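To start, the structure itself, in structure tokens.
The values are calculated or read from the model by the stated rules, or taken from the named source; none is laboratory data. The structure displayed is predicted, hence computed values, not measured ones. Here the Cβ is made from the backbone with ideal geometry for all residues, glycine too, and neighbour counts use every protein chain on show.
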Amino acid sequence: MKRGKGLIIVNTGGGKGKTTAALGILLRAYGYDLHGVMIQFIKGSWNYGEKKGFKILSPNFRLITAGKGFVGIIDDTLERDEHVMAAKKAIAIALEEVKNEKNDIVVLDEINYALKGKLITLQDIINIIQTKLPSIDLVLTGNFAHKKIMEMADTVTEMKEIKHAFSKGKLAKIGIDY
Ligand code: ATP
Ligand code: MG
């Protein structure tokens, strides 16, 4: 199957849907028997639906939870060093996955937050983009995408919050938010 040159896709912005849109791409790609991986840079320490959901996409798509949870939020008890180490490990995994000829699509979930929070460097992301096999589509998610990465990307989407149930005091919802 001829799919053409791989794209760099960025899902950013303050509204909801950056990760779910990336998951949607994988669901769609599964329909063509494509292969790949989602590497989560921030999430990882708690349970969420996509962990089980990925079993349905298996063995074509794998979920690698490399991150240690959101940095600096209330239930974050980890030292910053631990977050940095986890993010560096995620970068090393990403560098391997973008060289893997079996992969069609690689998603780096929440990587933009990892850069914004200085867990990784801009050069880390540029290295991944430059190392990537030309055929692989690379999806980067998270708000505050770096300007340079958006310049390098083919498709950049900004999810804009019009409303979010959170701001009305509604808690994150099972099956909708995680
Ligand atoms: P989702 O995973 O639902 O697609 P996202 O990837 O766009 O969301 P993140 O910035 O990764 O959003 O946020 C992580 C968590 O915060 C998710 O549970 C998400 O549903 C929730 N969230 C996303 N956008 C908002 C928002 N504007 N206000 C409050 N919570 C949000
Ligand atoms: Mg997300």
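For segment 109-178, the helices (runs of 4 or more DSSP H) that sit wholly inside it and include 2 or more residues that are in contact with a Gly (Cβ under 8 Å, 6 or more places away or on another chain), at pLDDT 95 or above and closer than 29 Å to H35 by Cβ are 111-116. For K68, the criteria (1) of a type in the set (K, R); (2) crowded, with 20+ Cβ neighbours inside 10 Å; (3) under 23 Å from L27 (Cβ atoms) hold in every case but one, which is (3). Could we say that L138 is out of contact with any Phe, Trp or Tyr (no Cβ under 8 Å at 6 or more places or on another chain), surrounded by 17 or more Cβ atoms within 10 Å (Cβ to Cβ) and in contact (Cβ under 8 Å) with a residue 60 or more places away in the chain here? Judged against the criteria, L138 is a match. For segment 103-135, name all the residues that are in contact (Cβ under 8 Å) with a residue 40 or more places away in the chain and touching a strand residue (DSSP E or B) at 6+ places or on another chain (Cβ under 8 Å). Those that are in contact (Cβ under 8 Å) with a residue 40 or more places away in the chain and touching a strand residue (DSSP E or B) at 6+ places or on another chain (Cβ under 8 Å): N103, D104, I105, V106, V107, L108, D109, E110, I111, N112, I129, K132.
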